[in-house]
Amino acid sequence: MNTFKPGLYIVSTPIGNLDDITLRSLDVLKNSDIILCEDTRRSLKLLNHFKINKKLISYHKFNEKKELNKIIEHLNKGKILSLISDAGTPAISDPGRMLINECIKNKIKIHPIPGASSITATISVSGFEDKFLFYGFLPKTEKELDKVLKELKNYDFSIIFFLSGVKINFYLKSFKKYFIERKILIAREITKIHETFYRENLKNIELFQSPLKGELTVVISKKKIKKQLVDNFDIRNQAKKYLKKYTLKDVVELISKKEKIAKNKIYSICLDIKNEKNS
């Protein structure tokens, strides 16, 4: 007996390795009346692998507006519909947002079925700051790209992009222009046999001799904050001045807090000053 409630199910599918599909995702797909697919040919490979035979409707960015009313009719009749993309979670840099908003408008239940994600998979192995901004696909023209990166360069987070492997060098040139002091991780074929990660400082990375295949997930590390360097001469002058008024302990505390310098370094300088006076 089908125990699933009517409504729209946003079902995550594997991003490469079919074994990454969740048991819940399989259960939902097996109990769906209709499965909406970004590309029925690609979805059939997944569905046939798990012996799921359901009615499929092609639903992609070129026909989503046209198919919208028909889909809402099915949902209003109490049907169970699942939305899947070619890989990962629908409606995130993929079709689905228009349908979701229409469901909200019509008070139709929407159920998220989470699963594999190239976003979290890549940031998890980056070694970068875990506070991140996901941007998605970048503009394709240099003018629009410059406009976006000029704004993003001021964000103090790791930033995640989806890029076409064919245009990797085009984007790298702009990354070097705006993020020169940051690190980069380029991930391709995530979870697949030829999974590859390219890690480098942007100022050192070289352009690829030939385009990379497929879509890439790219992470730029957070903004590197340059610390103002204070030389020993300046610290000595401050220490000499403060030692005339305060105790050694207070001077160490004061300069350490002010200049963000280790206390043991300041303590050593203060001792040298005191020894000079006593000699």
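The values are calculated or read from the model by the stated rules, or taken from the named source; none is laboratory data. Remember, predicted model here, so these are calculated numbers, not experimental data. FYI the Cβ positions are ideal-geometry reconstructions off the backbone, even for glycines, and counts take in every protein chain you see.
Structure values in brief
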| item | result |
| --- | --- |
| Qualifying residue in the range 78-93 (condition: at pLDDT 95 or above, polar (S, T, N, Q) and part of a helix (DSSP H, G or I)) | no |
| Any pair with Cβ under 6 angstrom, 6 or more apart, that starts in the range 169-191 at a residue that is under 20 Å from residue 88 (Cα atoms) and ends at one that is aliphatic (A, V, I, L, M) | 185/219; 186/216; 186/218; 188/212; 188/216; 190/15; 190/121; 191/15 |
| For residue 109: the one exception among (1) at pLDDT 95 or above; (2) crowded, with 18+ Cβ neighbours inside 10 Å | (2) |
| Residue in the range 211-225 that is over 30 Å from residue 175 (Cβ atoms) and either of a type in the set (S, T, N, Q) or surrounded by 13 or more Cβ atoms within 10 Å (Cβ to Cβ) (or both) present | no |
